[in-house]
Amino acid sequence: MSPDTFEKLRERLAHVDEDQGWFFAQIADRVVEQRKAHGISQKELAELTGTTQSAIARLESGGRPPRIDTLLRIAEALDCELVVELRRR
C-alpha cells in the first residue's frame, strides 16, 4: 500500500466513531420497528433471545452497540433475515 493510500485510509478511519452512531441508530430503529410489528414487548423479545429486557432497551435506545450473535438471535425471534454487507464505496 502506498503511503498516500495508507494516509487516506487513516483519515477515513478517524471518522468511524461518528459513523457508528448513525449505523447503530439505524439498527436500533429496525429492531423497534420489527418488534412492534410482531406485537411483542421488550421483555418478550428478551425471553425469546436469551437476554434481559434492559439489554433490549439499551440496544433499542442506541446505548450499546449490538453484538452480531445477539442480532442473529433477534432476527430469528422476529422472523427476519440479518444482512451484513461490505461494499466498495
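The values are calculated or read from the model by the stated rules, or taken from the named source; none is laboratory data. From a predicted model like this one, the values you see are computed outputs, not experimental measurements. Cβ placement follows ideal geometry from the backbone for every residue including glycine, while neighbour counts extend to all protein chains displayed.
What pairs come out if I take residues in region 25-37 that are under 16 Å from Arg73 (Cβ atoms) and pair them with residues that are part of a helix (DSSP H, G or I) and of a type in the set (Val, Ile, Thr) whose C-beta lies under 9 Å away, six or more apart or interchain?
Val31/Ile56; Val31/Ile74; Gln34/Ile74; Arg35/Ile56; Arg35/Ile74
Looking only at region 47-89, which residues are closer than 21 Å to Ala37 by Cβ and of a type in the set (Asp, Glu)?
Glu47, Glu60, Glu76, Asp79, Glu81
Restricting to region 38-89, name every residue that is touching a Leu at 6+ places or on another chain (Cβ under 6 Å) and of a type in the set (A, V, I, L, M, F, W, C).
Ile56, Leu71, Leu72, Ala75, Ala77, Leu82
Filter region 40-63 for residues that are in a loop (DSSP other than H, G, I, E, B) and polar (S, T, N, Q) and give the result.
Ser41, Thr51, Thr52
Name the residues in region 64-89 that are under 11 Å from the mean Cα position of the chain (by Cα) and either within 14 Å of Phe24 (Cα to Cα) or in a loop (DSSP other than H, G, I, E, B) (or both), would you?
Arg64, Pro65, Pro66, Arg67, Ile68, Thr70, Leu71, Leu82, Val83, Val84
If I go through region 26-38 residue by residue, how many of them are modelled with pLDDT under 95 and exposed (fewer than 12 other Cβ atoms within 10 Å of the Cβ)?
Within region 26-38, residues that are modelled with pLDDT under 95 and exposed (fewer than 12 other Cβ atoms within 10 Å of the Cβ) number 1.
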